[in-house]
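Below is one structure, written out as structure tokens; comments come after it.
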Amino acid sequence: MSTLMRAPKECGSWFWDLEETAPPGLESALKTAQTMAGVLKKLGLLFPFRLEYDWYVLDSGYTGVGSTLSVSSALDAPETLARVRGSRPVAFPDAQLDDVHVVGSGTWVDAAGNTHREPRLIELSVSPQPIGLSATLAVYHDIWKWYDFFGRPHPEVYNRNAPRLAQALRELNSVLGVEPELGEPTIFGAAAELGIDTPDPYDDGSGPDVSDSL
């Protein structure tokens with residue numbers, strides 16, 4: 001059972017436009033996903049076990065069909081690529097993939113230094129669409145923020161987790177070769193260059209209490 005509260009919208013997100021550095025298409029998207037997942041796995045932030053993706057038909061729109069594929073090989077392995085292509089719905093032979101979501105769990109550290117495994121700690125997706133390859137990373141928990149969702153500072157939690165996210169973003173920028181665009185702020189947080197922005201404290205030292213919106 002999860003021990004973390006998860007926001008319904010992201011606390012922060014980062015978008016990499018890879019049009020100038022990688023070709024579009026599924027093979028390139030899975031190679032990019034493997035590279036990014038490797039960075040995140042090394043830091044204990046994402047251990048992939050499933051791919052999720054929807055199907056659309058060009059000029060017709062979404063088919064309403066989604067696919068879930070368990071993965072045990074590398075995301076860019078030939079067998080993974082073949083299985084993804086082989087999951088195309090038979091009713092839509094011209095269907096193409098939308099964003100490919102890399103689903104897994106990751107580890108976080110509590111105030112006492114204990115490590116926990118959390119499903120979907122990091123959300124990672126890549127887009128193979130022909131207009132240009134892109135990738136997105138998003139976080140939905142308050143462990144990356146100076147304040148928890150109730151507006152209370154939790155420096156022990158922040159200091160044990162936020163630096164790992166910052167390191168991941170640095171390494172992703174390096175392996176992808178581009179700097180990300182910051183996602184739109186939400187009530188739950190706003191992305192900064194290497195983490196989540198910390199708003200100015202109120203007079204009592206607290207931050208925004210967004211618990212009613214969870």
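The values are calculated or read from the model by the stated rules, or taken from the named source; none is laboratory data. Model, not experiment: these values are computed from the prediction. Glycine also receives a Cβ, built like all others from the backbone with ideal geometry; neighbour counts cover every protein chain displayed. Accessible surface is based on the protein model in full, side chains and every heavy atom, while ligands, DNA and RNA are left aside. Shrake-Rupley method; radii C 1.70, N 1.55, O 1.52, S 1.80 Å.
Within the set VAL126, VAL90, the sole residue that is among the aliphatic types (A, V, I, L, M) and open to solvent by less than 70 Å² (accessible area, probe 1.4 Å) turns out to be VAL126. Applying the criterion of being part of a loop (DSSP other than H, G, I, E, B) and touching a helix residue (DSSP H, G or I) at 6+ places or on another chain (Cβ under 9 Å) to the residues of the range 187-197, the residue that is most open to solvent (accessible area, probe 1.4 Å) is GLU193.
Conditions (1) within 24 Å of THR115 (Cα to Cα); (2) surrounded by 15 or more Cβ atoms within 10 Å (Cβ to Cβ), marked per residue:
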position	(1), (2)
GLU156	yes, no
GLU171	yes, yes
GLU181	no, no
GLY205	no, no
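Inside the range 158-169, can you point out the residues that are open to solvent by less than 30 Å² (accessible area, probe 1.4 Å) and either among the hydroxyl-bearing types (Ser, Thr, Tyr) or touching a Gly at 6+ places or on another chain (Cβ under 8 Å) (or both)? Listed by number, the residues that qualify are ALA162, LEU165, ALA166, LEU169. Per the listing LEU58, LEU97, the residue uniquely closer than 21 Å to ASP17 by Cα and not hydroxyl-bearing (Ser, Thr, Tyr) is LEU97. In the set GLU184, GLU179, only one residue is closer than 15 Å to ALA7 by Cβ, assigned to a loop (DSSP other than H, G, I, E, B) and of a type in the set (D, E, K, R); that residue is GLU184.
All of (1) in contact with a strand residue (DSSP E or B) (Cβ under 7 Å, 6 or more places away or on another chain); (2) touching a residue at least 40 places away in the same chain (Cβ under 8 Å) hold for ALA166 with one exception: (2).
Contact map, the range 56-81: first residue under 14 Å from LEU30 (Cβ atoms), second residue open to solvent by 30 Å² or more (accessible area, probe 1.4 Å) and among the hydrophobic types (A, V, I, L, M, F, W, C), Cβ cut-off under 9 Å, separation 6 or more or different chains; pairs are VAL71/PHE49; THR80/ALA74. Within the range 129-154, the set of residues being open to solvent by less than 40 Å² (accessible area, probe 1.4 Å) and of a type in the set (A, V, I, L, M) comprises LEU133, ALA135, LEU137, ALA138, VAL139, ILE143.
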